[in-house]
Amino acid sequence: MTRPNMHYADLRDSYLFRRIAQKIAAYEEDHPGVHLYRMGIGDVSLPLCDAVIRALHKAVDDQANATRFHGYMPECGAPFLREAIAAHYVSRGVSLDVDEVFVSSGASDELGDILDLFDARSSAMVIEPAYPAYVDANVMAGRAIIHVPTCEEDGFLPRPSDDLQANVIYLCSPNNPTGAVFGRKRLQDWVDFANRHGSVILFDAAYEAFIEDEELPHSIFELEGARTCAIEICSLSKTAGFTGTRLGYTVIPTELRRCGMSLHDMWVRNRTTKTNGVSYVIQRGGAAVFTPEGQRQIHQNISVYKRNARVLMDALDKVGVWYCGGRNAPYLWLRCPDGLGSWEFFDRLLNEIQVVGTPGEGFGSCGEGYFRLSTFGNPHDTIEAAQRLADGSVFR
Ligand code: PLP
């Protein structure tokens, strides 16, 4: 009898977003035609910017022309895109070799696939509340998971502690779901800790483009010592609206070695074995993001989401609710009123003001009692949702 990967049986029953979808479907069936204000989505609502669309069209035309046609692409990424990304890092003061940049189909794919680099018995540290894929990818691989809870008091950004060690450490900044962002000093502590213990940090920078405070690091490679202990995983999904177009990139420095093995070279071997590269057309669209025009246009879109954040923050300020995030991140993380559980608060918002958010408990048990609002919704709905929240009835 073929034995399946039995670790799948250890996954938690219901994935957060599936349970939300089920609750919404049930509500819509009972209340046909009632409009819902969706502040729960992690998906973007604005279309791709003009510079990207033009590059995509042009690349499609290349595919119709025998001399400009592209077949298989280099597995680790097209040189034109790897160079554009490396140049983008230079603008942050980070110098990378072009071949340290790996083009991917998105951060989710990489967050799962990258585990191939580590021994099956490696442990993984997940700082919670966290993006659920970190835990689930490790459960599927049967790895030991060290859950590190965080709280309001530490700003949801814990310091490393020698009592808690793991081979692989997930750090996400700006954080989904809390919106918390590591400052240089606190992030440096983690880099030093990882170098001291031989751990590898998987730094998820999917939301770096939302950072507006100048002193905050966008990349872990802005910090001293990160090249010997970190892998950075990035995405164009939220930065540039590529959630459905699919494109990301991963940086693995050549100095990152463990037990005499180069993780960079291992990843080259992995990609050349397990992928045939990302589509030429999509990579051309991605390269347009890193042009001056593309940067200007994606930041226009990001500023729309930031206005949504402002509107929601004003509403929460008005009713005096504790929250964090929203300023350097596209999520607001608020404390549920009256000690309500996060699913109870979800039901209250859905039933009483038709606003849909995301229960904090879905991001780890320490998220219980908190609630995430996303700023990616359409601005009209966000204004209406904010008014309904500001009315205060759901917080009394
Ligand atoms: N990392 C974090 C923290 C996310 O919130 C998300 C998506 O919501 C991803 C990664 C996945 O990004 P992608 O669309 O590139 O797979």
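The values are calculated or read from the model by the stated rules, or taken from the named source; none is laboratory data. Since we're looking at a predicted model, the values are computed, not measured. All Cβ positions, glycine included, derive from the backbone under ideal geometry; neighbour counts span all protein chains shown. Accessible surface areas use protein heavy atoms only, side chains included; no ligands, DNA or RNA. Shrake-Rupley method; radii C 1.70, N 1.55, O 1.52, S 1.80 Å.
For the chain, modelled as a Gaussian network with Cα springs under 10 Å, which listed residue fluctuates most, 47, 129, 79?
47
Which value results for Rg/Rh of segment 177-300 when Rg is the Cα radius of gyration and Rh the Kirkwood radius based on the inverse mean 1/r?
0.99
Around residue 336, with a cut-off of 14 angstrom between Cβ atoms, what is the net charge of the other residues, counting Lys and Arg +1 and Asp and Glu -1?
-3
When Rg is the radius of gyration of the Cα atoms in segment 117-210 and Rh is its Kirkwood radius, what does Rg/Rh come to?
Ratio of gyration radius to Kirkwood radius: 0.94.
Got a number for carbon plus sulfur as a percent of the chain's accessible area, 1.4 Å probe?
52 percent
Which whole number in µm²/s is D for segment 332-396 by Stokes-Einstein, with the Kirkwood Rh taken over Cα pairs at 10 °C and 1.306 mPa s?
134 µm²/s
I want to check a number: in the chain, how many lysine pairs have alpha carbons closer than 30 Å, given a sequence separation of 8 or more or different chains?
Within the chain, the lysine pair count is 11.
Over 31 Å, how big is the tail of the calculated P(r) for segment 52-293, in percent of all Cα pairs?
21 percent
Sticking to Cα atoms, compute the Rg of segment 247-377 to one decimal and its Dmax as the biggest Cα-Cα distance, whole number, in Å.
When restricted to the Cα atoms of segment 247-377, Rg and Dmax are 20.9, 59 Å.
Roughly how many whole Å is it from the C-alpha centroid of segment 348-384 to that of segment 165-239?
26 Å
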